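Notes for the one structure printed next.
The values are calculated or read from the model by the stated rules, or taken from the named source; none is laboratory data. Since the structure is predicted, the reported quantities are computational estimates derived from the model, not experimental observations. Here the Cβ positions follow ideal geometry from the backbone for every residue, glycine too, while neighbour counts run over all protein chains shown. For accessibility, only protein heavy atoms count, side chains too; no ligands or nucleic acids. Shrake-Rupley method; radii C 1.70, N 1.55, O 1.52, S 1.80 Å.
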Amino acid sequence: MALQNFDPQQFLDEVWQRKATLIKGALPNFNCPLDGNDLAGLACEEGIDSRIIIETNDGWELRNGPFDEAEFATLPKNKWTLLVQSVDHYLPDLADVLAEFRFIPRWRTEDIMVSYATDGGNVGPHYDQYDVFLIQASGQRRWKIGGHCGPDTPLHPHPQLKLLQEFNTESEYLLKAGDILYVPPGVAHWGVAEGDDCMTLSVGFRAPSEAELFSDFGDEVASFLDASQRYRDPALNASSNTGEISSEVHKHVKALLLKQLDNDALIARWFGSMMTRVDDREELAGDHLDFDEFQLALDDGEIPQLRLGARLAFDAQYLYADGAAFAYPPDQANDVQALCQLECGQPISNFRSLSKEMLYALYSSATLCFDEDDYDC
C-alpha cells in the first residue's frame, strides 16, 4: 500500500534533504514482520552487524555482536537498545517495506536497520550523514529534533559512539505504530522509547562523501591506465630556476587529469557500479550451477528470483547489479527497466527479451537465485 497522508512530489519539492518532518499515520494498521525475539535471534548470528547500546549513569555503553543468547538475560530492565543492520537482507516481508519509498531512486536506498528498545532505551543524541525514514513499527518513541550539525559540532569523547555534547530541542514528536519521521542529513535527533517493546525501522540511504567519490573514481581510472604512460614535460626553458614548478606545468598536469574527467561514458559506468556495489558480492557468488545446469533448471520451470539485498540500477548502456555493469542491446531496454522496478525476493518472470546469457550472468554473480538458500540469502 502507498503511504497515507503523503504526497511524494510535494515531499520531494519541499521537504527532502531540507527539514525533519513527521508523516502521521503513514502506515495505518502496520503489522511488523518481526518482534524483539526475532531480532535477538538475528543478533546472535555470525556475519550480521548488531549492537547493544545501554544508557548508564556515566553515559552510554556499546557492545558489539554477534551475541550469545544468554547475554540478553543479563541486560538491565530498561534503558537499552538492540540494533541490527540490513535486516531486509534476511526477511522478505521486511524487504517489502522498501517498496513504499520508491519515489526516491532505488540506487540511493541502502538498507533497513531495526532497533528494539526497552523503556527509556536510546542511542544518545546524534546526527547522521544520510537521509533516514524512521518508521515506528510497535510501541512508542519520543523524538527530539535539534539543529543542523557539521564537522565542527562538538562530540562526546566516546571511542566508538559519535554523540553530541550539547543538544538543543527545536521540535518534538511522539511516534506511535504506523507513524514515520523523516530526518535529513546533518540534523540532530534523539529518540527515547516510552514503554517496552519499542520497535523502530530505519530506512537509510546511500550517500558517499565527496572524498569517497574522488577516491573511488581515482582507483577506477588507475585500474586501467597503462603504467608505461608517464608524466612528460611541457616545453622547458633552460634559463628557468630549476626549483620552480611553473604555471605551465600546473596547466599541463591539470589537462592530464581533466582528460579522464571529460570521459562521460567512463563516469557513467563507474558511478552506476559504485552506487550498486555490495560488500559481500564475492562471498555471495560462491558455488552455483554451471551454464548448462542453469538452462536445465529454466527448462524444468524453475524461476529465479531477485536476491534479498540485491542492488539494481540502469542507464542507456548498462544494467548495474551489485556493482557489476552488464551491457544490453536496445531491444532489451524495456525488460531491463522492468527488472529494476522488481522488489527483492520477487521472481523473475515474463522477461522474455533478456538473453539466457544475461540471466546466467546475473545468477552467477548472485543477483539472482532460485530460492532464498541459494546464496545464504
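At 1.4 Å probe size, what's the solvent-accessible area of residue 13? Round to the nearest 10 Å².
Here the residue's solvent-accessible area equals roughly 90 Å².
Run the simple label-point estimate for residue 287 and residue 17 please: 7 Å along Cα→C-beta, distance reported in nm.
Reported label-point gap for residue 287 and residue 17 is 4.5 nm.
Taking 0.36 nm per intervening residue step and subtracting the Cα-Cα distance, what contour gain separates residue 216 from residue 242 on full extension?
Gain on stretching residue 216 to residue 242: 5.9 nm.
What residue among 165, 29, 346 has its Cα farthest toward the positive end of the dipole of the chain, where the charges are +1 on Lys, Arg and -1 on Asp, Glu, each on the Cβ?
165
Given a Förster distance of 22 angstrom, what is the FRET efficiency for residue 70 paired with residue 160, based on the Cβ-Cβ distance and rounded to 0.05?
Using R0 = 22 Å, I get an efficiency of 0.40.
Roughly how many nanometres apart are two label points built 7 Å out from the Cα toward the Cβ at residue 152 and residue 29?
Those two pseudo-labels are separated by 5.2 nm.
Using θ = phi - 60° and the Karplus relation 6.51 cos²θ - 1.76 cosθ + 1.60, list the HN-Hα couplings for the stretch 192-200 in order, rounded to whole Hz, with x at every Gly or Pro.
10, 5, 10, x, 7, 6, 8, 10, 10
Give me the lysines in straight-line cross-link reach of residue 251: C-alpha distance below 23 Å, same-chain residues under 8 apart excluded.
List returned: 259.
Pick out, in residue order, every one of the GluC sites (Glu not before Pro) in the stretch 14-72 that is DSSP loop and has at most 15 other C-beta atoms within 10 Å; say none if there are none.
In loop regions of the stretch 14-72 (DSSP not H, G, I, E or B), the sparsely surrounded GluC sites (Glu not before Pro) are 45, 46.
Placing unit charges on C-beta atoms (Lys and Arg positive, Asp and Glu negative, everything else neutral), compute the dipole magnitude of the stretch 78-231 about its Cα centre in debye, rounded to 20.
Dipole magnitude for the stretch 78-231 comes out near 200 debye.
Computing the accessible area with a 1.4 Å probe over protein heavy atoms, can you report the carbon and sulfur percentage for the stretch 35-176?
Working: 3160 of 6990 Å².
Using a 1.4 Å probe with all protein chains present, the stretch 35-176 comes out at 45 percent carbon and sulfur.
Explain nothing, just the number: dipole magnitude of the chain about its Cα centre with +1 on each Lys and Arg Cβ and -1 on each Asp and Glu Cβ, in debye rounded to the nearest 20. Working shown, then result.
Numbers: 28 positive and 64 negative charges, 351 e Å.
About 1680 debye.
Using only Cα atoms, what is the ratio of the radius of gyration of the stretch 1-141 to 2.2 N^0.38 Å?
1.13
So what's the net charge close to residue 154: Lys and Arg +1, Asp and Glu -1, counting the other residues with Cβ under 14 Å from its Cβ?
-1
Any idea how far the Cα center of the stretch 177-221 sits from the one of the stretch 1-49, in Å?
About 12 Å separates the Cα centre of the stretch 177-221 from the one of the stretch 1-49.
Round to the nearest 10 and report in Å² the accessible area of residue 162, as given by a 1.4 Å probe over the protein chains' heavy atoms.
150
Go through the stretch 193-280 and name the chymotrypsin sites (Phe, Trp or Tyr not before Pro) that are in a DSSP coil and have 15 or fewer other Cβ atoms within 10 Å of their Cβ.
Details: sites: 205, 214, 217, 224, 231, 270, 271; in loops: 231.
Passing both the DSSP loop test and the Cβ count: 231.
Calculated from DSSP H runs of 4 or more alone, at -39500 (n - 2.57) each and per residue, what is the 222 nm mean residue ellipticity of the chain, nearest 500?
Per the formula, -6500 deg cm²/dmol.
Give the accessible surface of the chain per residue, rounded to a whole number of Å², with probe radius 1.4 Å and ligands, DNA and RNA excluded.
54
Can you give me the Cα centroid spacing of the stretch 293-316 and the stretch 94-168 in angstrom?
The stretch 293-316 and the stretch 94-168 have Cα centres separated by 33 Å.
Could you check the spin-label model distance between residue 252 and residue 169? Points 7 Å from the Cα along Cα→Cβ, value in nm.
6.4
If I take every Cα pair under 8 Å that is 6 or more residues apart in the chain, average their sequence separation and divide by the length, what percent do I get for the relative contact order? Spell out each step's value before the answer.
Working: 663 pairs, mean separation 61.4, N = 377.
Worked out over the chain, it gives 16 percent.
With r as the distance between the Cβ atoms of residue 10 and residue 57 and R0 = 41 Å, compute the FRET efficiency 1/(1 + (r/R0)^6) and round to 0.05. List each step's numbers first, then the result.
Numbers: r = 45 Å, r/R0 = 1.10.
Plugging the Cβ-Cβ distance into 1/(1 + (r/R0)^6) gives 0.35.
Pick the calculated log10 I(q)/I(0) by the Debye sum over Cα atoms at q = 0.07, 0.13 Å⁻¹ for this structure from [x] -0.49, -1.15; [y] -0.41, -1.15; [z] -0.30, -1.02?
It is the value labelled [y].
Check cross-link reach from residue 24 to the lysines: straight Cα distance under 19 Å, and skip same-chain residues fewer than eight apart.
Answer for residue 24, where 19 Å is the Cα cut-off: 144, 176, listed by chain and number.
Counting only protein heavy atoms and a 1.4 Å probe, tell me what percentage of the stretch 210-311's accessible area is made up of carbon and sulfur. Provide the component values of the computation, followed by the final result.
Working: 3860 of 7530 Å².
Within the stretch 210-311, the accessible surface is 51 percent carbon and sulfur.
Ignoring ligands and nucleic acids, what accessible area does residue 311 show with a 1.4 Å probe (Å², nearest 10)?
Using a 1.4 Å probe on the heavy atoms, I get roughly 20 Å².
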